[in-house]
């Protein structure tokens, strides 16, 4: 893999932080949801955000 530039690192930091924030929010929304379908929707969104974050971390 080629070396990452400073701009690449900043962009990764920004994206990883955004996915981390999304994961936290979606997890919290899922914990507060009463409707099982809504709870499932938010939990799947949280899982997706965590997977995306982990995939991006592989570049570091």
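Bear in mind these aren't lab numbers, they're just calculated from the coordinates by the rules spelled out. From a predicted model like this one, the values you see are computed outputs, not experimental measurements. Every residue, glycine as well, gets a Cβ built from its backbone with ideal geometry; the counts of neighbours run over all protein chains shown.
Quick notes on this structure:
- For the range 1-45, the set of residues classified as farther than 18 Å from residue 56 by Cα and part of a loop (DSSP other than H, G, I, E, B) consists of 33, 34, 35, listed by residue number.
- Pairs linking a residue in the range 31-42 that is without any contact (Cβ under 8 Å) to a residue 24 or more places away in the chain and on the phi < 0 side of the Ramachandran plot to a residue that is surrounded by 13 or more Cβ atoms within 10 Å (Cβ to Cβ) and not in a loop (DSSP other than H, G, I, E, B), with Cβ atoms under 7 Å and 6 or more positions apart or on different chains, are 33/39; 33/42; 39/30; 42/26; 42/29; 42/30.
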